[in-house]
Amino acid sequence: MNNVLRSTARCLQSGAWHYRTAQNNGELLSVWARLMCSSAAQKNLEEMVKKDKVVVFMKGTPAQPMCGFSNAVVQILRMHGVDNYAAYNVLDDQDIRQGIKSFSNWPTIPQVFFNGEFVGGCDILLQMHQSGDLVEELQKLGIRSALLDQEKQS
């Protein structure tokens with residue numbers, strides 16, 4: 001219920017809402033103040049993905065991932081020494097959970113963004129890690145991968 005109230009408040013503040021009623025056979029079944037705030041939600045998500053150099057939408061938190069794929073993303077970032085990133089727990093907000101899927105046109109969680117650009121999910125990040133591309137992408141962000149330091153030590 002709190003998610004509905006938060007969504008309602010966000011949409012009312014943005015002014016992007018529409019009133020919708022549900023009817024069946026001319027009889028009013030229920031009245032919903034259904035908030036259709038796709039443009040406001042898209043703007044909000046755009047701000048979220050641009051907030052930090054690295055942004056992760058995941059199930060759970062970096063300290064306590066709630067699925068194996070989210071955990072894998074956290075572990076990959078940790079191996080590279082990336083500890084300073086924005087993480088959003090999609091289990092806390094269904095609007096964000098569904099909205100980010102539409103925003104990125106990617107059906108699964110977790111989702112990783114670098115400098116506001118969608119990178120991919122767990123599978124893509126793992127491929128980038130295995131190929132060495134992740135080190136290069138992090139360098140473009142001004143982040144030095146901890147794996148470079150490990151290579152020098154060995």
Inter-label distance for T61 and Q94, nm, one decimal - labels placed 7 Å from Cα along Cα-to-Cβ: 2.3 nm
Within the range 100-154: Cβ-based charge dipole about Cα centre, in debye rounded to nearest 20 (Lys, Arg +1; Asp, Glu -1): 140 debye
Net +/- balance of residues flanking P65 in space, Cβ distance below 12 Å, scoring K and R +1, D and E -1: +2
Order by protection proxy (mean Cβ within 10 Å, highest first), peptides 78-85, 105-112: 105-112, 78-85
The range 76-85 - phi-based ³J(HN,Hα) in whole Hz, Karplus 6.51/-1.76/1.60, Gly and Pro as x: 5, 4, 4, 4, 8, x, 8, 10, 9, 8
Calculated on alpha-carbon atoms, Rg and Dmax of the range 35-154 in Å: 14.5, 57
Hits among lysines - C-alpha to C-alpha of K101 under 28 Å, sequence gap 8 or more where chains match: K43, K50, K51, K53, K59, K140
Projected label distance in nm at Q130 and E47, using a 7 Å step from Cα toward the beta-carbon: 3.9 nm
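Taken together, the values in this text are just the output of simple stated rules run on the coordinates, not laboratory data. Nothing here was measured: the structure is a model prediction, and the numbers come from that model. As a convention, Cβ positions derive from the backbone with ideal geometry for all residues, glycine included, and neighbour counts pool all protein chains shown.
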